[in-house]
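Asker: Sharing a structure with you now.
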Amino acid sequence: HRLYPGEDPRARALFALLEKVPGAAPALAAAQDVVTTTARHTPLHANVDLALAVLTVSSGMSASAGETVFAVARTAGWIAHTLEEYEERPLRMRPSGHYVGARPPQPLPK
């Protein structure tokens, strides 16, 4: 993940939880093989997508369930961020400026 130049903390947390799930061991081992093989060729690390794949496979979910889990989690994060923003000064990050360039072309009258 471009935001996490090292290890993705979301993946680390989910992998740690999956270690406690009975039946997740085969998928975790496969993911570790992917991480190990990738590390020999590139400095990339496992991200939350790989951890979600392990979750869905080891839980018997459909192949697209990882996207749904991610979307629900992202929605919860957006709501938390919104609640934090309500406690801040209104419009504190609103850009101010006035365009002084050439006037854009206007549509021809019909």
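All of the numbers you see were taken from the coordinates with simple rules; none came from a lab. This one's a predicted model, so the numbers in the text were calculated from it and none came from an experiment. Note: ideal-geometry Cβ built from the backbone for every residue, glycine included; neighbour counts use all protein chains shown.
Asker: Which residue fluctuates most in the GNM of the chain (Cα springs below 10 Å): Glu67, Glu88, Glu19?
Answerer: Residue with maximal mean-square fluctuation among Glu67, Glu88, Glu19: Glu88.
Asker: Can you tell me which of Ala71, Ala53, Ala80 moves the most in a GNM of the chain? Springs connect C-alpha atoms under 10 Å apart.
Answerer: Fluctuation is largest for Ala80.
Asker: Which of the peptides 44-51, 32-39 is most tightly packed, and how do the rest follow, judged by the mean count of other Cβ atoms within 10 Å per residue? Please report the intermediate quantities before stating the final value.
Answerer: Details: 44-51: 18.2, 32-39: 12.4.
Top to bottom by mean Cβ count within 10 Å: 44-51, 32-39.
Asker: Let me ask something else about it. Highest GNM mean-square fluctuation, the chain, Cα pairs closer than 10 Å: which of Gly66, Gly77, Gly97?
Answerer: Of the options given, Gly97 has the highest mean-square fluctuation.
Asker: Can you tell me the FRET efficiency between Glu85 and Asn47 if r is taken as the Cβ-Cβ distance and R0 is 35 Å, rounded to the nearest 0.05?
Answerer: Rounded to the nearest 0.05, the efficiency is 0.85.
Asker: Tell me the label only: which of (1) 22.2, 71; (2) 13.6, 42; (3) 22.6, 90 is Rg and Dmax of the Cα atoms in Å as calculated from this structure?
Answerer: So the calculated entry is the one marked (1).
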